[in-house]
Number of protein chains: 2
Amino acid sequence: MEKSFVKGLAVLEALARAGRPRGVTDLARELGMTKSNAHRLLQALVATGFARHDAEAGQYSAAPKLWELGMRVLAQVEVRDKAAAQLRQLARRSGEWVNLAIRDGIHVLFIERLEDGETVRGGYVGVRAPAHALATGKMLLAHAPAAVQQEAARRPQAFTARTIVDGAALLAELRRVRARGHASNRGEWREMVNSIAAPIWDGGAEPVAAVGITGPHQRMTLARQRELLALLLDSAAAISRRMGGGALGVAPVARG
Amino acid sequence: MEKSFVKGLAVLEALARAGRPRGVTDLARELGMTKSNAHRLLQALVATGFARHDAEAGQYSAAPKLWELGMRVLAQVEVRDKAAAQLRQLARRSGEWVNLAIRDGIHVLFIERLEDGETVRGGYVGVRAPAHALATGKMLLAHAPAAVQQEAARRPQAFTARTIVDGAALLAELRRVRARGHASNRGEWREMVNSIAAPIWDGGAEPVAAVGITGPHQRMTLARQRELLALLLDSAAAISRRMGGGALGVAPVARG
DNA sequence: TCGCAGCGTATCACATTGTGGAACATCGTT
DNA sequence: AACGATGTTCCACAATGTGATACGCTGCGA
């Protein structure tokens, strides 16, 4: 089914992920295709402006066009703009890192991150992380379609000793999160990082994003998590209101 | 040559550019392909995570994965990070809009924009614009390979009465810009917007980016452009230094 | 200096693969 | 109830993508 297209997309993705120019043979090896195949696909990518060709080194790299198109997609995620002011306020008041994440399958994508009330530039935004090990991730997963939850519960990967690795336990946690309207994470992703998260609604059946407050475990004690919760829920509700969603911390409509 | 792949990329691009969910028939019509063809390509895009399928409305839209990959590409453009501090300073000192642009063919892509010393979020960053009508664009074009200049000089499109629409005149302007080491734009893109631009070098034969100062024509008079030039050239040189390039406002090596 | 090993690129006969017309299923509208 | 528009599926055909092979080039070590 659409073999060449799928292969071509794989090349594009590998090129973008690499973050540096790559050679034909190199790519062909990684993707398990022949040199000729990789070569032809790369030519097509160059012809369409998705990749660039350094004639001297003979190497290929992803072109800015990919980034341009990506920005168009981000523009669709209107929550980013609508949340900006609230997030800044939240970051100042809490004094912790604040992030905004959306779900893509069983992963989470960070679409905004603030430190000391300032937007973080490099490194963090655009990063993909497994949903089951994050507060924002669990929050979003809790309202995801059953099929997605099942997929996430199939052998959840461990990142620390505290990561939920049991499928049934994860589903139970998701039920709890859904019932409470907020999620918490204590060292499940990075050993010494804790966080809490709340959903943002736009009136649909699923939250469009989740806001999280994250901090090192020395500061982010259980007590402090509880203390910050009200602030977080307020912010999330305020953003939800701007998004045209209910201000409640729970889904506006019941789910099967 | 790689027909299906090229078609598939066209679908992906159309999807991303649209910024809203689109239907099969709709896309097929725009791209001049059959419904079945568009449908199959869309299925492949969904299968690979590049697109999403709204089962209820039967419509397709670009997935966040595209944005994620785009961010990876942007990370390659290290100039963005290295320039950040200088740009903020420049924005504060000048009190005008400051932007950072890179060249992609005969177009310019804005990779950063500051207003009042604050990074602008929506709308501007990631936008593509024709190089020949912008100060940053002319600056970058001035050091582009001859083939690119020729392409840009073939029927330059008019945007205002002041846009350079004569190919020969454009090439002459590019020579001037190259000789001077900076570019200026007075109402060639938007009627009442003027700007100046300077190149950023990383040691290569072409500038990696250009910094621009932009403002409404009431404020941005000829005199003020001259006044801001020193500030601009200083900033550009400082960024170039951080990028490992010469601090000069002209190319480090002569070009044929 | 030579030869080798690695690279990116070009070629070509083969059959796998993508193709588009037509038919079907589902809507909402007339 | 009939229509027009949509998204979806099917299938015979051949155009299209395929990979082994060969070529030219560069850099490295003998």
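For the reader, a short list of remarks on this structure follows.
- Against the compact-protein benchmark of 2.2 N^0.38 Å, the Cα-based radius of gyration of segment B:3-67 scales to 0.96.
- Beta carbon of chain A nearest to the axis of the rotation taking A to B, residue and angstrom distance: A:GLY70, 1
- Over 18 Å between alpha carbons, listed pairs A:LYS3/B:LYS3; B:LYS7/B:LYS35; A:LYS82/B:LYS65: A:LYS82/B:LYS65
- A Förster radius of 45 Å, combined with the Cβ-Cβ distance separating A:SER36 from B:ALA230, puts the computed FRET efficiency at roughly 0.25.
- Think of each Lys and Arg Cβ as +1 and each Asp and Glu Cβ as -1; about the Cα centre, that makes the dipole of chain A roughly 300 debye.
- Net dipole in debye of segment B:3-67 [+1 Lys, Arg Cβ; -1 Asp, Glu Cβ; about Cα centre; nearest 20]: 180
- Span-like helix check, chain B: qualifying full DSSP H segments, with Cα axial length of 27 Å or more and mean Kyte-Doolittle of -1.0 or more, are B:222-242.
- For segment A:141-211, size of Cβ-based charge dipole, Lys and Arg +1, Asp and Glu -1, in debye: 200
- The local environment of A:ASP166, defined by Cβ-Cβ distances under 12 Å, has a net charge of +1 under the rule Lys, Arg +1 and Asp, Glu -1.
- Using bins of 10 Å that start at zero, the share of Cα-Cα pairs per bin across segment A:147-195 amounts to 27, 52, 21, 0, in whole %.
- Shielding of peptide B:56-67 by partners, expressed as the average count of other chain Cβ atoms within 10 Å per residue Cβ, is 5.
- Remark: relative contact order (segment A:77-242) = 22 percent; criterion is Cα-Cα distance under 8 angstrom and separation of 6 or more residues.
- Kirkwood Rh in Å, taken over segment A:22-157 so that all alpha-carbon pairs contribute: 17.8
- Residue-count net charge about B:ALA57 - beta-carbon cut-off 14 Å; Lys, Arg +1, Asp, Glu -1: 0
- With label points defined 7 Å past Cα in the direction of Cβ, position B:GLU151 shows copy-to-copy spacings of 3.8 nm, given to one decimal and shortest first.
- For the protein assembly as shown, with +1 on Lys and Arg beta carbons and -1 on Asp and Glu, the positive-most of A:LEU100, A:HIS182, A:GLY8 along the dipole: A:GLY8
- Ranked B:MET139, B:MET71, B:MET243, B:MET1, criterion: other C-beta atoms within 10 Å, fewest first: B:MET1, B:MET243, B:MET71, B:MET139
- Separation of the A:VAL127 and B:ALA223 label points, Cα + 7 Å toward Cβ, nm: 5.1
- Among B:GLY215, B:PRO130, B:ALA147 the positive-end extreme of the charge dipole of segment B:77-242 (Cβ point charges): B:GLY215
- Peptide ranges B:48-55, B:7-14, A:49-56 listed from the most packed, as the mean C-beta count within 10 angstrom indicates: B:7-14, B:48-55, A:49-56
- Dimensions (Å) - the protein assembly as shown, Cα atoms, principal axes, largest first: 70, 52, 39
- Test item: B:72-82 mean partner chain Cβ contacts at 10 Å: 6
- Summary for A:GLU78: label point 7 Å along Cα→Cβ; distances to the equivalent points in the other copies, ascending, 4.0 nm.
- When you restrict to C-alpha pairs under 8 Å that are six or more residues apart and normalise by the size of segment A:1-111, the relative contact order lands at 18 percent.
- Averaged over B:15-21, number of beta-carbon atoms from partner chains that fall within 10 Å: 4
- Per-residue Cβ neighbour rank within 10 angstrom, fewest leading, A:VAL211, B:VAL79, B:VAL6: B:VAL6, B:VAL79, A:VAL211
- Put in line by how crowded their Cβ is, counting other Cβ atoms within 10 Å and starting with the fewest, A:VAL73, A:VAL165, B:VAL193, A:VAL108 read A:VAL165, B:VAL193, A:VAL73, A:VAL108.
- Cα centroid separation - segment B:186-238 against segment B:55-111, whole Å: 18
- Histogram of C-alpha separations across chain B, 5 Å bin width, %: 1, 6, 12, 15, 15, 13, 12, 10, 8, 5, 2, 0, 0
- Taking each DSSP H run with n ≥ 4 as -39500 (n - 2.57) and averaging over every residue of chain B yields -14500 deg cm²/dmol at 222 nm.
Each reported figure results from applying straightforward, stated rules to the coordinates on display, with no laboratory input. Note that the structure is a prediction, hence the values are computed from the model and not measured. In this analysis, Cβ positions are derived from the backbone assuming ideal geometry, glycine residues included, and neighbour counts consider all displayed protein chains.
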